[in-house]
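Report on the following structure.
The values are calculated or read from the model by the stated rules, or taken from the named source; none is laboratory data. What you see is a predicted model, and the numbers here were worked out from it, not measured in a lab. All Cβ positions, glycine included, derive from the backbone under ideal geometry; neighbour counts span all protein chains shown.
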Amino acid sequence: MIKTSGKQTIMVQGFKFAGISAGIKKTGGKDLALIYSERPAVTAGLFTTNRIKAAPVKLAVEGIASQKGQAIIINSGNANACTGRQGTADAKEMKTRTAKALGISPELVYVSSTGIIGKPLPVEKIRNALPGLIGALSPTSLTQAASAILTTDTFTKTVSKKIKIGSKTGIIAGIAKGAGMICPNMATMLCFLVTDISTNKKALDSALRKAVNKSFNRLAIDNDMSTNDTVMIMANGLLENSPITKNSPYYEKFENALSDVTYTLSEMIAEDGEGATKIIQIVVKGAGTESDAEKVAKAISNSMLVKTAIYGNDPNWGRIMAAIGYSGIEVNEQKLDIYFNKIKLVSKGVGTGKDKSVRNTLSNKKTIITVNLGTGNKSAGSLTCDLTEEYIKINAHYGT
């Protein structure tokens, strides 16, 4: 696995990338990205479950039914959400103009946007920047594309993983953005994945769903769900392997590799949470069902009180107990154990008095909270970060 913030070059055969400034952001930073496959690719995608969806998301939801794609154009600095008929027209223009510039069918182009909600998309700036964007396409510019999709992020998020498929070695690479407005069942996040491995449509869709469920759907920063959340993958098959199906001996290997990539990207989002100083990993085991374990993990990671306690180096395990209690599962308090960074803080529902020992570990960059429910053998986890004063500063003036 290669995890990078831009220092290493990642290449995936048959794909080109670009990231430039179109003048959408007031800062003048990169704000327009393009991902292009040299040939049509099998494509899968998942989108926000928010009932209010941005114009580009609505178009993508319609288009993904074909499970084909060749290009994705992304702008940051403007969400093109809640912008009425004009917003839909603008998203369609981005789609058709990009297709024409690339010489491909509009049906093979997807549009994605992120940024401030409710502001008209400055489509004329995108229109004017499009020739330069096409001209900047390069197999070595994945990090340029990654930097052009950021909003309040403090670093680019790129990951790649090589996997052996028979005698051949393929690669899965991904970029993501996300730092705030992040809630389980995706987040204010965009993630774009590419691979040269050949898969059929059902296998790619299934693998993506399972990967997202194990990563982005178990990630929380502030419990707010965006109108623009998007995760997409294109598989162009240039590895020329026998296409992976759900019954293929390589399907599980492919699914696990994809899950590794998305989980690593979700860790990077947690690390870059707005104002965050620490990553918090929640591990729940000893549950009767995986669903119960997941509910508890999400309740803990969504707790503002837990997040602020970790920020303050306060091993307040009572907040963990409270979250477990309101998670919605049947729980036996007398079977509960809680660990902070492998130190047992609660045994059979009662404190062990090791608060001081735990406090000394909470200044570390990463805190692991482990809960054993003592009622079964199923487990699940989630990721979050601490909540700081800086988060309030960032979001108090985001739209101004």
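Conditions first: (1) within 18 Å of LYS285 (Cα to Cα); (2) assigned to a loop (DSSP other than H, G, I, E, B); (3) of a type in the set (Gly, Ala, Ser). ALA322 passes all but one, so which condition is the exception?
(2) is the only condition that ALA322 fails.
So, in the stretch 123-149, exactly how many residues are closer than 14 Å to PHE192 by Cα and assigned to a helix (DSSP H, G or I)?
Result for the stretch 123-149: 7.
Take the stretch 363-387 and flag every residue that is modelled with pLDDT under 95 and in a loop (DSSP other than H, G, I, E, B).
Those that are modelled with pLDDT under 95 and in a loop (DSSP other than H, G, I, E, B): SER363, ASN364, LYS365, ASP386, LEU387.
For LEU345, only one of the following conditions fails: (1) out of contact with any Leu (no Cβ under 6 Å at 6 or more places or on another chain); (2) at pLDDT 95 or above; (3) surrounded by fewer than 17 Cβ atoms within 10 Å (Cβ to Cβ). What is its number?
(3)
For (1) within 17 Å of the chain's Cα centre (by Cα); (2) among the polar types (S, T, N, Q), each residue gets a yes or a no:
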| residue | (1), (2) |
| --- | --- |
| ALA79 | yes, no |
| THR88 | no, yes |
| ARG97 | no, no |
| ILE116 | no, no |
| GLU124 | no, no |
| ALA129 | no, no |
| THR143 | yes, yes |
| ALA148 | yes, no |
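Could you count how many residues in the stretch 164-223 are on the phi > 0 side of the Ramachandran plot and either in contact with a Pro (Cβ under 7 Å, 6 or more places away or on another chain) or at pLDDT below 85 (or both)?
Qualifying residue count, the stretch 164-223: 5.
Only one of these is under 27 Å from GLN13 (Cβ atoms), surrounded by fewer than 22 Cβ atoms within 10 Å (Cβ to Cβ) and of a type in the set (D, E, K, R): GLU62, GLU93, GLU107. Name it.
So the residue among GLU62, GLU93, GLU107 that is under 27 Å from GLN13 (Cβ atoms), surrounded by fewer than 22 Cβ atoms within 10 Å (Cβ to Cβ) and of a type in the set (D, E, K, R) is GLU107.
For the stretch 23-54, how many residues meet the condition of being under 19 Å from GLY87 (Cβ atoms) and touching a strand residue (DSSP E or B) at 6+ places or on another chain (Cβ under 8 Å)?
Matching residues across the stretch 23-54 total 8.
In the stretch 231-280, which residues are part of a loop (DSSP other than H, G, I, E, B), surrounded by 20 or more Cβ atoms within 10 Å (Cβ to Cβ) and out of contact with any strand residue (DSSP E or B) (no Cβ under 8 Å at 6 or more places or on another chain)?
GLU274, GLY275
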